[in-house]
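The values are calculated or read from the model by the stated rules, or taken from the named source; none is laboratory data. What you are looking at is a predicted structure, and each value in this text was computed from that prediction instead of being measured. Every residue, glycine among them, receives a Cβ derived from its backbone with ideal geometry; neighbour counts consider all protein chains shown. Heavy atoms of the whole protein, side chains included, go into the accessibility calculation; ligands, DNA and RNA do not. Shrake-Rupley method; radii C 1.70, N 1.55, O 1.52, S 1.80 Å.
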Amino acid sequence: MDTWVGHEVPRLPGRSEPLRLFDSARQGVHPADPDGPATMYVCGITPYDATHLGHAATMITFDLVQRMWRDAGHDVRYVQNVTDIDDPLLERAERDGEDWKVLAMRETALFREDMEALRILPPAHYVGAVESIPEIAEKVLALLKDDAAYRLDDETGDVYFDVSAAPRFGYESNFSRQQMLKIFPERGGDPTRVGKRDPLDPLLWRGARAGEPSWPGGDLGPGRPGWHIECAVIALGLLGSTVDVQGGGNDLVFPHHECSAAHAERLTGEAPFAGHYVHAGMIGLNGEKMSKSRGNLVFVSRLRADRVDPVAVRLALISGHYRADRTWTDDLLTAAQERLGRWRRAAAAPAGPSGSAFLAGVRDRLADDLDTPGALAVADTWAERALAGAADDSAAAPLFADTLDALLGVHL
Ligand code: 5CA
Ligand code: ZN
């Protein structure tokens, strides 16, 4: 499907140092600096409701990765999916008496607008599950032939992945079996389904049911894909047998990224599927995770309709570290608006501190696992001194503005 439209990114002098990112699998910060092109797959929306600030924060996190990679001289190959067929989408469409395809198209279009407003650079490929179904069916069949999957012994036509075909299962999340068993049903899994070999076996293909959309699956029979295989197949199809970064919010650590890695590794024979599994913290409201099911959502489109500057929304979201679960408050937005005002006034001051030292300072902080609070502090110091008339570089302001624009996506 169509991706969204990006902005021009100012060219900065010199290059960023290699990016280092926290990898959930290794539980530590390691270089994410491949030789040659850098590849990233990010888990995108299930389009049954509008983009909320949690989605925005996660997309901004991976936008920063793309910006830092580009600044370090990498050709970036970035793919993001849209889960445009899944149970939550069908349930919402049913509740509202709407065609699920219309719902998905409308919310995906709104998401694209929100991404553009937030100055998030687009992925090279924005791919729907529906358009990937023939490829997914083919890979499910391959897993069946390889004895890594099995059909349930009933009339449903449902196919499951056999987790015993993934000897390293658990390496990505580092969860104990007990933790996995607890979380699996909370995140779409069906541990009690009769006939499964292991309660943790994830669904690969759901056989056609009356009243549900289905697609021809060739030898699989009609049905629709499971969630984890969707992301594995889209990533493998466009990025090769491994990726440098597999990204999403930390609600996807298990089972989603564990299972999609297990599927991909079994299909390709190469492990690990991702050099880094990178997870953004959850944005909450009033102490709870912001989620569609809880209904405690602040929509990007609502803020835009209220004429809130999207740059201030972006700045508010990056004022905390990407890995930290954090809470959205009105005060956070007010502080970001004030900060943006100060930076804009500082960029218009007659002189400021050295622009190249500022650029080096921001690069240094972002290369260190996207330390945005640190980068913002470097900008605050520059702005404070420019506003106090305590610096004498009259040519520094354009580099101050270009650095914020190119590396943080903050357009003054
Ligand atoms: N379509 C799947 C991924 S394949 C999905 O999780 N969709 S979603 O619409 O629920 O979320 C889209 C992205 O936003 C995912 O990367 C998810 O991890 C992230 N996300 C969801 N809720 C939040 C939140 N409250 N804070 C931060 N990120 C979130
Ligand atoms: Zn995904």
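Residues in the range 239-293 that are more than 13 Å from ligand 2 (Cβ to nearest atom), within 16 Å of the chain's Cα centre (by Cα), under 30 Å from residue 145 (Cβ atoms) and buried (at least 24 other Cβ atoms within 10 Å of the Cβ): 244 only.
Filtered by the rule that a residue be without any contact (Cβ under 8 Å) to a residue 60 or more places away in the chain and hydroxyl-bearing (Ser, Thr, Tyr), the range 62-87 gives a lone residue, 78.
Matching residues to (1) in contact with a strand residue (DSSP E or B) (Cβ under 8 Å, 6 or more places away or on another chain); (2) modelled with pLDDT of 95 or more; (3) part of a helix (DSSP H, G or I):
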| residue | (1), (2), (3) |
| --- | --- |
| 174 | no, yes, no |
| 181 | no, yes, yes |
| 201 | yes, yes, no |
| 245 | yes, yes, no |
| 252 | yes, yes, yes |
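Yes or no, residue by residue, for (1) modelled with pLDDT of 95 or more; (2) assigned to a loop (DSSP other than H, G, I, E, B):
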| position | (1), (2) |
| --- | --- |
| 316 | yes, no |
| 323 | yes, yes |
| 341 | yes, no |
| 350 | no, yes |
| 356 | yes, no |
| 377 | yes, no |
| 395 | no, yes |
| 398 | yes, no |
| 407 | yes, no |
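Screening residue 133 against (1) open to solvent by 30 Å² or more (accessible area, probe 1.4 Å); (2) assigned to a helix (DSSP H, G or I) leaves a single unmet condition, (1).
Return yes when residue 226 is within 16 Å of ligand 2 (Cβ to nearest atom) and open to solvent by 10 Å² or more (accessible area, probe 1.4 Å) and no when it is not. No, not satisfied. Taken as a whole, the structure leaves residue 199 outside the set of residues that are open to solvent by 10 Å² or more (accessible area, probe 1.4 Å), within 16 Å of residue 158 (Cβ to Cβ) and either within 15 Å of ligand 1 (Cβ to nearest atom) or free of Cβ contacts under 8 Å to residues at least 12 places away in the same chain (or both). Listed by first and then second residue, the pairs linking a residue in the range 238-250 that is under 8 Å from residue 40 (Cβ atoms) and β-branched (Val, Ile, Thr) to a residue that is assigned to a strand (DSSP E or B) and away from ligand 2 (no atom under 14 Å from the Cβ), with Cβ atoms under 8 Å apart and 6 or more places separating them unless they lie on different chains, are 243/39; 243/275; 245/21; 245/38; 245/39; 245/275; 245/276.
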